[in-house]
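Down below is the structure, laid out as structure tokens.
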């Protein structure tokens with residue numbers, strides 16, 4: 001025989017709701033001509049996307065092209081086999097996710113990317129594919145699978161912890177402008193050389209001649225409104241999922257009105273968002289912004305060679321969850337396979353407190369946005385924060401810890417869902433939740449010299465009224481002290497008759 005070929009027999013990815021490192025990427029990318037792998041076909045069948053005809057089933061063309069259906073990937077090579085990713089923001093983000101240490105993600109391909117140089121009107125019209133709705137109202141509901149389109153697929157993916165839409169900034173950017181021609185190096189003296197015809201590079205492998213996507217006032221306003229819609233979706237139906245979004249680069253002609261001196265907004269677009277009162281639209285513990293943008297080997301064919309950094313940060317979050325625990329801050333973690341950050345934020349930009357009109361000085365940029373930057377030890381994550389205005393929820397690790405607790409509570413609630421509401425059932429639920437909380441305390445997620453100091457847990461007649469008992473609601477109160485420099489958090493968990501977990505906190509995240 002001519003040789004041996006070894007081919008790994010991979011299995012269909014298995015859902016694991018207890019994991020806290022899995023991401024879902026939603027965006028635009030082209031399909032290759034390769035057939036869908038048997039593993040993904042099996043996963044789609046097992047989760048009800050294919051099989052017998054039904055109103056929520058995806059049509060055969062969508063399954064063949066992987067259009068608006070979640071496709072699980074555990075290896076970068078599998079993604080490359082299914083998608084022609086080069087020159088797309090979604091492809092560069094997924095590559096950075098795996099390069100930074102991510103181990104599993106879902107990809108929801110909305111449709112093919114827009115043609116290079118498409119107008120903002122054309123690009124902005126594609127946003128309905130990312131999440132349908134008007135204003136902050138969305139069309140999706142967790143009880144109707146046919147409404148799961150774009151980002152709404154997280155409603156049917158219980159193991160997803162992070163949501164990324166890398167094309168969002170590019171969709172709302174000003175119309176792309178060509179880059180200035182390169183500087184011509186003076187030619188040397190003419191000499192005779194051997195005549196030969198140099199092969200031309202394939203068209204698809206040439207670097208882009210367009211400028212990186214940048215937003216003006218209108219672009220930032222539309223971007224903020226769209227983030228508000230995603231925030232509403234997650235706060236109502238996806239409390240264990242965190243949106244990781246890139247702060248768009250600013251258009252050079254736009255200036256930040258928040259600064260006392262006149263400065264190009266590229267130095268601090270965060271100040272402009274505060275000045276225009278856009279930041280309040282999406283500020284929440286469910287939204288984590290990242291800045292600046294990055295140049296990696298996977299972004300070579302993108303405009304100016306820069307990619308949206310949300311996939312990069314999500315990969316660091318996944319690595320942090322797998323190696324150290326998702327509740328720990330990822331500050332000072334290194335960035336692998338990153339050549340350059342743009343723009344480089346100076347010390348003044350990081351320390352300045354913007355002053356919104358009619359208000360006190362706001363927090364500096366690193367206290368509201370997760371910042372990437374250079375250090376003596378290389379490129380690292382300089383801050384790990386959410387956009388929440390509440391001090392208790394500002395540290396992103398606290399929100400991720402809370403998501404872990406909510407998932408554990410949901411599993412415990414489902415185990416006793418069909419049991420009668422009695423003291424025996426209440427004790428069983430307390431035992432299950434206590435086991436989870438003790439384990440979190442043992443690994444350092446909770447603060448206290450003992451488990452008794454770290455948390456309090458009650459589920460009895462003092463936490464439920466007679467109306468709760470008659471309606472089939474089981475209410476447990478949990479007070480825990482995260483291992484962070486904040487106050488104690490008090491949460492009330494409720495298991496309704498249909499098995500839905502809800503919570504009420506002293507502060508809105």
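The table below lists the values:
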{"item": "Within the stretch 73-89, tally of residues that are free of Cβ contacts under 8 Å to residues at least 12 places away in the same chain and closer than 22 Å to residue 115 by Cβ", "result": "0"}
{"item": "Hey, residue 412 buried (at least 22 other Cβ atoms within 10 Å of the Cβ), in contact with a helix residue (DSSP H, G or I) (Cβ under 8 Å, 6 or more places away or on another chain), part of a helix (DSSP H, G or I) and without any contact (Cβ under 8 Å) to a residue 40 or more places away in the chain or not", "result": "yes"}
{"item": "Answer from 92, 34 - the residue that is within 19 Å of the chain's Cα centre (by Cα) and in contact (Cβ under 8 Å) with a residue 24 or more places away in the chain", "result": "92"}
{"item": "Residue satisfying all of: in the stretch 27-53; in a helix (DSSP H, G or I) and in contact with a helix residue (DSSP H, G or I) (Cβ under 9 Å, 6 or more places away or on another chain); farthest from residue 150 (Cα to Cα) among these", "result": "39"}
{"item": "Test: residue in the stretch 130-144 that is in the same structural domain as residue 225 (by TED's automatic domain parsing), farther than 22 Å from residue 215 by Cβ and buried (at least 21 other Cβ atoms within 10 Å of the Cβ)", "result": "yes"}
{"item": "Filter result (part of a strand (DSSP E or B), in contact with a helix residue (DSSP H, G or I) (Cβ under 8 Å, 6 or more places away or on another chain) and more than 12 Å from residue 234 (Cα to Cα)) within the stretch 277-291", "result": "288, 290, 291"}
{"item": "Criterion (in the same structural domain as residue 86 (by TED's automatic domain parsing), surrounded by fewer than 21 Cβ atoms within 10 Å (Cβ to Cβ), without any contact (Cβ under 8 Å) to a residue 24 or more places away in the chain and not in a loop (DSSP other than H, G, I, E, B)) met by exactly one of 374, 366", "result": "366"}
{"item": "The stretch 415-448: number of residues that are touching a residue at least 40 places away in the same chain (Cβ under 8 Å) and surrounded by fewer than 20 Cβ atoms within 10 Å (Cβ to Cβ)", "result": "7"}
{"item": "Residue among 421, 403 that is on the phi < 0 side of the Ramachandran plot and not in a helix (DSSP H, G or I)", "result": "421"}
{"item": "Residue match in the stretch 381-399 (condition: in a strand (DSSP E or B), touching a residue at least 12 places away in the same chain (Cβ under 8 Å) and either in contact with a helix residue (DSSP H, G or I) (Cβ under 6 Å, 6 or more places away or on another chain) or in the same structural domain as residue 158 (by TED's automatic domain parsing) (or both))", "result": "yes"}
{"item": "Only listed residue being crowded, with 23+ Cβ neighbours inside 10 Å and in contact with a strand residue (DSSP E or B) (Cβ under 7 Å, 6 or more places away or on another chain), chosen from 333, 313, 302", "result": "313"}
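Let's see how each residue does on (1) modelled with pLDDT of 95 or more; (2) over 21 Å from residue 230 (Cα atoms); (3) not assigned by TED's automatic domain parsing to the domain that holds residue 215:
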| residue | (1), (2), (3) |
| --- | --- |
| 265 | no, yes, no |
| 271 | no, yes, no |
| 276 | no, no, no |
| 279 | no, no, no |
| 284 | no, no, no |
| 294 | yes, yes, no |
| 309 | yes, no, no |
| 317 | yes, no, no |
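One line per residue, one yes/no per condition, for (1) assigned to a loop (DSSP other than H, G, I, E, B); (2) closer than 18 Å to residue 308 by Cα; (3) free of Cβ contacts under 8 Å to residues at least 24 places away in the same chain; (4) not assigned by TED's automatic domain parsing to the domain that holds residue 159:
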| position | (1), (2), (3), (4) |
| --- | --- |
| 58 | yes, no, yes, no |
| 63 | no, no, no, no |
| 68 | yes, no, no, no |
| 71 | no, no, no, no |
| 96 | no, yes, no, no |
| 113 | yes, yes, no, no |
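The values are calculated or read from the model by the stated rules, or taken from the named source; none is laboratory data. Values in this document were obtained by computation on a predicted structure and should not be read as measured data. Every residue, glycine among them, receives a Cβ derived from its backbone with ideal geometry; neighbour counts consider all protein chains shown.
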